[in-house]
Amino acid sequence: MFGKISLGSVGLVVGGILSVIGFAAYGFGNATLNLAGMFYGIPILLGGLALKAAEIKPTPYSADVSDDIEALREAQATDTQHQIRKDVTRYRYGQDCHLDDSLERLGLSPTDEERPQLHHLREESHEGQYALVLEFYSPLFSLEEWEKRQAKIERFFGPDIKAAIAQPEENEIELALIKTAA
């Protein structure tokens, strides 16, 4: 639940309210309320600003998830697929982008400027198997370079995962992490 709420926004709102109360109390000569508002409000406001500056928004779905796909996910998805889905669909702090460590370990992130950017995800069925499809904007890594790393991607994302890589249009890569039949 907390991953769906921007902590930076909460800090800005709560800190802003407490700071305004503190300044108003100062104007009306209420020293106790002034101290509480200032000593709590300003640090919370600054913390909210810092979180907002380091915030990565959740990755949106490109297609709605049907009840059938949700049931397939619950029945078949691996721990890795669950973890990736949960990580990229919540607010993150202190990272450059979603999956930055994973892309770096796969050799797809030599620099921040060259790193593919995850912009959407979707869940679907591939021949009756659950698949988590990650949609990347990847202008500097071609389909061939992604395909060279296919075996490494399958090993990295764990057992019981098959990677399918496609290029639906120029500068776009779809990485489908498909649960293999047991």
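The values are calculated or read from the model by the stated rules, or taken from the named source; none is laboratory data. Note that the structure is predicted; figures quoted are calculated from it, not measured. In this analysis, Cβ positions are derived from the backbone assuming ideal geometry, glycine residues included, and neighbour counts consider all displayed protein chains. With ligands, DNA and RNA removed, areas are computed over all heavy atoms of the protein, side chains included. Shrake-Rupley method; radii C 1.70, N 1.55, O 1.52, S 1.80 Å.
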TODO: Among the numbered conditions (1) touching a residue at least 24 places away in the same chain (Cβ under 8 Å); (2) over 15 Å from the mean Cα position of the chain (by Cα), tell me where Ile84 comes up short.
DONE: (2)
TODO: Collect the residues in region 74-124 that are part of a strand (DSSP E or B) and touching a helix residue (DSSP H, G or I) at 6+ places or on another chain (Cβ under 7 Å), keeping them in residue-number order.
DONE: Tyr93, Leu118, Leu121, Glu123, Glu124
- [ ] Within region 115-134, identify whether any single residue is more than 17 Å from Tyr61 (Cβ to Cβ), hydrophobic (A, V, I, L, M, F, W, C) and without any contact (Cβ under 8 Å) to a residue 60 or more places away in the chain, and answer yes or no.
- [x] no
Open item on the list: Looking only at region 141-174, how many residues end up being assigned to a strand (DSSP E or B), farther than 11 Å from Leu106 by Cβ and either of a type in the set (Asp, Glu) or open to solvent by less than 30 Å² (accessible area, probe 1.4 Å) (or both)?
Closed with: 5
Open item on the list: Suppose we keep only residues that are surrounded by fewer than 14 Cβ atoms within 10 Å (Cβ to Cβ) and aliphatic (A, V, I, L, M) within region 66-101. Which one would you say is farthest from Ile5 (Cα to Cα)?
Closed with: Ala75
Task: Filter pass, Ser138 being surrounded by 15 or more Cβ atoms within 10 Å (Cβ to Cβ) and more than 21 Å from the chain's Cα centre (by Cα) - done: no
- [ ] Please specify each residue of region 116-134 satisfying the condition of being open to solvent by 20 Å² or more (accessible area, probe 1.4 Å) and either among the charged types (D, E, K, R) or closer than 25 Å to Thr180 by Cβ (or both).
- [x] Leu118, His120, Arg122, Glu124, Ser125, His126, Glu127, Gly128, Gln129
Open item on the list: From the list Ser19, Ser6, exactly one residue is touching a residue at least 60 places away in the same chain (Cβ under 8 Å) and surrounded by 15 or more Cβ atoms within 10 Å (Cβ to Cβ). Which is it?
Closed with: Ser6
